[in-house]
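The structure appears below as structure tokens.
The values are calculated or read from the model by the stated rules, or taken from the named source; none is laboratory data. Everything quoted here is computed from the prediction, not taken from an experiment. All Cβ positions, even for glycine, are placed from backbone atoms using ideal geometry, and neighbour counts span all protein chains on display.
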Amino acid sequence: MTETLKLCSGAEAVQKFQKAGWTAVRQKGSHVMMTKPGYQWTLSIPQDKELGPGLLRKLLKQADLTIEEFNNL
């Protein structure tokens, strides 16, 4: 059975990625940029009320997190 991705706001996503070791380095407009040592990606998380499932999946892939890991953060 595949885990269902729980949608969340941009602020909630930032908190979850911080728990996974990512650091918010700057905010440009409505987007928070996050980095993590050893990763080539900079996550750009819009501060919307609800992030779409496609965007969340893309961020999870870049962060090397599974849906289950993200939901449990």
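Of all residues in the range 12-36 being under 15 Å from residue 64 (Cα atoms) and small (Gly, Ala, Ser), which is nearest to the chain's Cα centre (by Cα)?
Of everything passing the filter in the range 12-36, 13 is nearest to the chain's Cα centre (by Cα).
Could you list, in sequence order, all residues of the range 22-51 that are exposed (fewer than 13 other Cβ atoms within 10 Å of the Cβ), free of Cβ contacts under 8 Å to residues at least 24 places away in the same chain and not polar (S, T, N, Q)?
25, 26, 28, 29, 37, 38
Among the charged types (D, E, K, R), surrounded by fewer than 13 Cβ atoms within 10 Å (Cβ to Cβ) and at pLDDT below 95: does that describe residue 19?
no
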